[in-house]
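First up is the structure itself, then whatever we jot down about it.
The values are calculated or read from the model by the stated rules, or taken from the named source; none is laboratory data. Values in this document were obtained by computation on a predicted structure and should not be read as measured data. Here the Cβ positions follow ideal geometry from the backbone for every residue, glycine too, while neighbour counts run over all protein chains shown.
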Amino acid sequence: MSSRASDAAPRCRICGSAGDLRLTTTDRNRSIGAERFDYRSCRACGTLYLAEVPADLARYYPPDYYPIGAEHETNESERAKVALLQRFVSGGALLEIGPGAGGFAAEALRSGFGVRAIEMDERACDHLRAIGAQAVHSAEPHRALAEMAPARAIVLWHVFEHLAEPLALLRAAAATLEPGGVLLIAVPNPAAFALRVLGARWPHVDAPRHLQLVPAATLVRLAGEVGLAPVALTGSDRAGRDWNVFGWQHFLAPPTSGAVRRRAAFYAAALVSLLLAPVERGGLRGSTYTAVFRNDGGI
């Protein structure tokens, strides 16, 4: 590749550096269109980023993207997420960015948190209000945050990778946290063992909805730049283990597959994850990681 071609290539939206082509894929998870998408690996910060964001990105979020309904409001995985957060804050004002169907928000309400949310889907906002949370309808959470009261905890469960302006969100979150409050971010892991094995077929690429997959070390550095100190970093929490299974399951049977194939894939994926547990649950090699940061003195 010539230096001119390299200079003209899309830059990393995390640090602005050039990146090398890592993989090319389609919307394997939802089969919306046949377009192909290039992902590049940033030479400076290691972020895996979508080179060109579709102008019609909204169409890749169909109405059934959010499985809204009582059956999705709580389960063991959501309870485990709340328990993880409670290791760092016992209660208070909780703000969730991108709660979707509201499973975590519902469990947090049951656990005594006062829950507010910023969500881009209007139906999801209506559902959140119905279960007792306050909801702001916005596709620009960093702007919505600027208008909100301080929070004891801010959480993003697999939202950061969808954001067009992730750094603006980090700055806004740090400014909104109370002193002593925590920011929890869970994201797909670009250092995942499964990504090395499956490449473009790895379901957690989720093209084109995932705009960037940020390495843990890069996220820790970015959080430090806005005054947040790391207090936990794990890929083996309950949600992380579930996402490992999800990745293998959806590789074997994408969501568009028939019910019988999906069920068989679930059991096969559970077995694969069990066999690979020594690899995927150690050294941040799982499909996702969860990072928790504390605002030690305000910024």
>> If R28 meets every condition in (1) of a type outside the set (D, E); (2) out of contact with any Leu (no Cβ under 7 Å at 6 or more places or on another chain); (3) at pLDDT 95 or above apart from one, which number is that one?
In response: (3)
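Any idea which of V155, V159, V182 is crowded, with 22+ Cβ neighbours inside 10 Å, in contact with a helix residue (DSSP H, G or I) (Cβ under 7 Å, 6 or more places away or on another chain) and closer than 18 Å to F293 by Cβ? First the steps, then the outcome.
On the way: V159 fails: in contact with a helix residue (DSSP H, G or I) (Cβ under 7 Å, 6 or more places away or on another chain); V182 fails: in contact with a helix residue (DSSP H, G or I) (Cβ under 7 Å, 6 or more places away or on another chain).
None of the other options fit; the residue is V155.
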>> Please go through segment 117-133 and give me each residue that is crowded, with 23+ Cβ neighbours inside 10 Å and not in a helix (DSSP H, G or I), ordered by number.
In response: A117, I118, E119, A133
> How about segment 94-108: which of its residues are part of a loop (DSSP other than H, G, I, E, B) and either over 25 Å from E165 (Cβ atoms) or in contact with a His (Cβ under 6 Å, 6 or more places away or on another chain) (or both)?
Replying inline: A101, G102
> Can you tell me which residues in segment 200-256 are in contact with a helix residue (DSSP H, G or I) (Cβ under 7 Å, 6 or more places away or on another chain), at pLDDT below 95 and closer than 30 Å to P179 by Cβ?
Replying inline: D237, R238, A239
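Among A124, A117, which is at pLDDT 95 or above and in the same structural domain as E225 (by TED's automatic domain parsing)? Let's see the steps before the verdict.
Numbers: A124 fails: at pLDDT 95 or above.
The conditions single out A117.
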> Which members of segment 120-173 meet the condition of being in contact (Cβ under 8 Å) with a residue 12 or more places away in the chain, among the small types (G, A, S) and within 19 Å of G102 (Cβ to Cβ)?
Replying inline: A124, G132, A133, A135, S138, A139, A144, A151, A153
> Any idea how many residues of segment 253-299 are under 30 Å from F88 (Cα atoms), of a type in the set (F, W, Y) and either surrounded by fewer than 16 Cβ atoms within 10 Å (Cβ to Cβ) or in the same structural domain as L222 (by TED's automatic domain parsing) (or both)?
Replying inline: 0
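From the list L21, L48, pick out the single residue that is over 24 Å from T256 (Cα atoms) and more than 18 Å from the chain's Cα centre (by Cα). So that I can check it myself, show each step before the final result.
Numbers: L48 fails: more than 18 Å from the chain's Cα centre (by Cα).
Exactly one of L21, L48 is over 24 Å from T256 (Cα atoms) and more than 18 Å from the chain's Cα centre (by Cα), namely L21.
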